[in-house]
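This report concerns only the one structure given below.
Values quoted throughout were computed directly from the atomic coordinates according to the rules given, and no laboratory measurement underlies them. In this text, all values refer to a predicted model and were calculated from it rather than measured experimentally. As a convention, Cβ positions derive from the backbone with ideal geometry for all residues, glycine included, and neighbour counts pool all protein chains shown.
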Amino acid sequence: MKKMFMILASMSLVSAMAFAQDDYDYGDGYGDDGYGASEPAPAPPVAYDEGAYDQPSAPAGEQLSSDVEYKNMDANQAPAEPKEPSFFDTPFNIGLHMGLGFTMLSSTEICGTDTAGTKQCTNYGDDLFGGAFEIGLAMAYNIVPSIRLGVVAEPSFEFKVYSANLGLYSIGTTYTGTDEYGWDYTYDSYYLSNVTLDAMMFALKVPVFLRYYPKKDLFVQLGFSFEFNLGTSVSYSDEDGNEVKGIEHQNLNYNGSDKNVYKFFDVNSMVVALNFGMGTTLNMGRYFADAEIRFILDMTPMTKFNSGFHDYTMRKYGYKFGDSEAKAWQIQLVLKPWF
């Protein structure tokens, strides 16, 4: 009996040890040494982000907050406006030049001195006025676009017309019964009439300017023009519009001004003038156009007299007058479409 008890006790002890070993290898992790290891700490709560659930998941290794920040910046940024076309977008522009102006002569007094030292002068340009028209090309090169500075050239054809009332003359006309000197056979006298001079000049003109834009569309320009005379036509008419064939027999030095000088009217082959203008360049979508007012002042004489003038003054006054120093000035309106 005692022996049987000892066997049962031994078997119970072996079973208990086996059970303890089994729990040690397959336990639930509580306790020390693995079987009794301490319970892991709970994960911290995740803060709630209102917009986080509206955003797509960020790729691995990227922060979702950065994507949200970038998207918000893009959403708040205004779309870029298209750039407005500028005359300075291209370095070179070409266009059409048209100018219409009012012109007169200045410095029209001529003087001479005889052998006795007596000086006599006459002014022949008091009543002379006219107009001018130009048409040609325009070329602009933007030499310093950053400060809106360029150079402009306008090779053009120029037409000038001058007219003057020369006063009362004994004239020859196309009337039947008068000769070329105005002698009227019917009344046995000279035919008297007011005489008008009409002078037309045709020239090649090349103005060259420096142009500066102090404001976006407003420009000022300064330069010189070179005028090459290609032809001159001078005609005379009486008060009825008939052509005058000869004005040899006239009241010389009429009213203190000997306008017989116009018989010898001529134009120098080249005239240099100073040009100043200001205007605006208009944006017309695909094209630009200039509207400008310009002042032109001749620096060299425009008129001269042929050799017959000096022979005439020698016969009339006994000495020669000086040559003409007449210069033209002009106020001009300019329109220039650029292509």
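List of remarks:
- A simple count of charges around S225, restricted to other residues whose Cβ falls under 12 Å of its Cβ and scoring Lys, Arg +1 and Asp, Glu -1, yields -3.
- Estimated inter-spin distance, I135 and E325, nm [label 7 Å along Cα→Cβ]: 3.8
- Packing, taken as the mean count of other beta carbons within 10 Å per residue, orders the peptides 231-240, 159-168 from highest to lowest as 159-168, 231-240.
- Potential lengthening of the chain between M270 and N283 amounts to 1.0 nm, from the contour at 0.36 nm per residue minus the alpha-carbon distance.
- Ranked by the mean number of other Cβ atoms within 10 Å per residue, highest first, peptides 132-144, 110-122 order as 132-144, 110-122.
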